[in-house]
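> Below you'll find the structure I mean.
The values are calculated or read from the model by the stated rules, or taken from the named source; none is laboratory data. Just so it is clear, the structure is predicted and the values come from calculations on it, not from any experiment. Don't worry about glycine lacking a Cβ; one is built from the backbone with ideal geometry, like all the others, and counts go over all protein chains shown. Protein only, heavy atoms only, side chains kept; ligands, DNA and RNA dropped before computing areas. Shrake-Rupley method; radii C 1.70, N 1.55, O 1.52, S 1.80 Å.
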Amino acid sequence: MTAALETFGLGKSYGRGGRAVSALGALDLSVPKGLVYGVLGPNGAGKSTLLRLVLGLVKPSRGGFRLLGESSIDARVLRRIGAMIEAPSLYPFLTARETLRALAHLSGLNDPAREEAVLERVGLSEAAHRRVRTYSMGMKQRLALGAALLARPELLILDEPTNGLDPPGIQEMRVLVRELVEKEGVTIILSSHLLDEVQKVCDRVAIINRGELVSEGRVSDLISGQGGFFIRAAPREKALAILGARARPQDDGLVVDIPPDAAPALIRELVGANIDVFEARWLTQSLERVFLSSMDQSQ
Ligand code: ATP
């Protein structure tokens, strides 16, 4: 299956000569279809630049990419993509229904049933007759997402979709993003600087810092195991004595830093020494710790 997005040494510098600023170094990425892919990084990391490049809004300085299997962005490819870049600019005097009608008209779509389905999808059916000026930021953001969904895109590209939203708005956006992927098979690439958000909504993530890729993988793999192997055993002091420098006490047990395949031998060692093992599990690490340690390594 073709990837939703592949980049090959993709890079961008703004400005020329001695004043050139490298926003993106030379990025190699492959984003599979059918999931939520997060591009994570601190302010200025190059997230927006990456999304702008793959949408054809800015030209690469180096390398290239393929989006939905296509290596050049034209109207035909863009019809398969929905995008939300920067804060939505919506006419305050139109209602949500009128907004979608106008946008559909501009795009040559004539399918009022689709507009109603989109309003329903983004949870705006009941408020569809109200003027946008009366909307909360979260409702505006959902309407902008609705606009991006009108043409039934295979791929959605969302730049900081939770920017400016309050916690309930963030939660609504998260549910919407997951539903689009799980129920409608849309692929979503989103950028965010909110670690917790990315951990909750994304299946896979690329962490970038100063335009360079510092970590990439499934969120569950990135956070699993990295917190160590927790064992609750008795007598604990005897277990600690056997494991020596490999273990440290934590809560009512101990934590050992070992690779995943060393766990069975470790448990056998303890049981062989007549120690009762009540609990043994891998501790997960928050994405925040993965993020901060990859930032340290990239400095
Ligand atoms: P943020 O979360 O703050 O939006 P970001 O990760 O999206 O950050 P970019 O907006 O891609 O980062 O910016 C990456 C770097 O490129 C920054 O140093 C920024 O100042 C610079 N940059 C971005 N756009 C331009 C431009 N049009 N001209 C010059 N420099 C730019």
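> Scanning for something in a helix (DSSP H, G or I), more than 17 Å from the chain's Cα centre (by Cα) and at positive phi, does the range 162-170 turn up at least one residue?
Checked against the condition, which is being in a helix (DSSP H, G or I), more than 17 Å from the chain's Cα centre (by Cα) and at positive phi, the range 162-170 yields no hits at all.
> If we scan the range 80-91, do we find a residue that is of a type in the set (Phe, Trp, Tyr), surrounded by 16 or more Cβ atoms within 10 Å (Cβ to Cβ) and at negative phi?
No, the range 80-91 has no match at all.
> Then there is this: Does the range 106-124 contain at least one residue that is within 23 Å of the chain's Cα centre (by Cα) and exposed (fewer than 14 other Cβ atoms within 10 Å of the Cβ)?
No: the range 106-124 contains no residue that is within 23 Å of the chain's Cα centre (by Cα) and exposed (fewer than 14 other Cβ atoms within 10 Å of the Cβ).
> Limited to the range 140-161, what total is found for residues that are open to solvent by less than 60 Å² (accessible area, probe 1.4 Å), more than 16 Å from the ligand (Cβ to nearest atom) and either on the phi > 0 side of the Ramachandran plot or without any contact (Cβ under 8 Å) to a residue 40 or more places away in the chain (or both)?
Total satisfying the criteria: 1.
> Separate question: Take the range 22-34 and flag every residue that is away from the ligand (no atom under 16 Å from the Cβ) and open to solvent by 20 Å² or more (accessible area, probe 1.4 Å).
Those that are away from the ligand (no atom under 16 Å from the Cβ) and open to solvent by 20 Å² or more (accessible area, probe 1.4 Å): 28, 30, 32, 33, 34.
> Of all residues in the range 120-129, which are in a helix (DSSP H, G or I) and over 14 Å from residue 151 (Cα atoms)?
If the condition is that a residue be in a helix (DSSP H, G or I) and over 14 Å from residue 151 (Cα atoms), then 120 is the only one that fits.
Residue-wise test of (1) more than 19 Å from residue 153 (Cα to Cα); (2) surrounded by 23 or more Cβ atoms within 10 Å (Cβ to Cβ).
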{"site": "2", "(1), (2)": "no, no"}
{"site": "6", "(1), (2)": "no, no"}
{"site": "9", "(1), (2)": "yes, no"}
{"site": "16", "(1), (2)": "yes, no"}
{"site": "20", "(1), (2)": "yes, no"}
{"site": "41", "(1), (2)": "yes, yes"}
{"site": "60", "(1), (2)": "yes, no"}
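> Still on this structure, please answer the following. Here is a check on your reading of the model: is residue 22 touching a residue at least 40 places away in the same chain (Cβ under 8 Å) and part of a strand (DSSP E or B)?
The answer is yes for residue 22.
> Any idea how many residues of the range 37-48 are modelled with pLDDT under 95 and farther than 13 Å from residue 213 by Cα?
3
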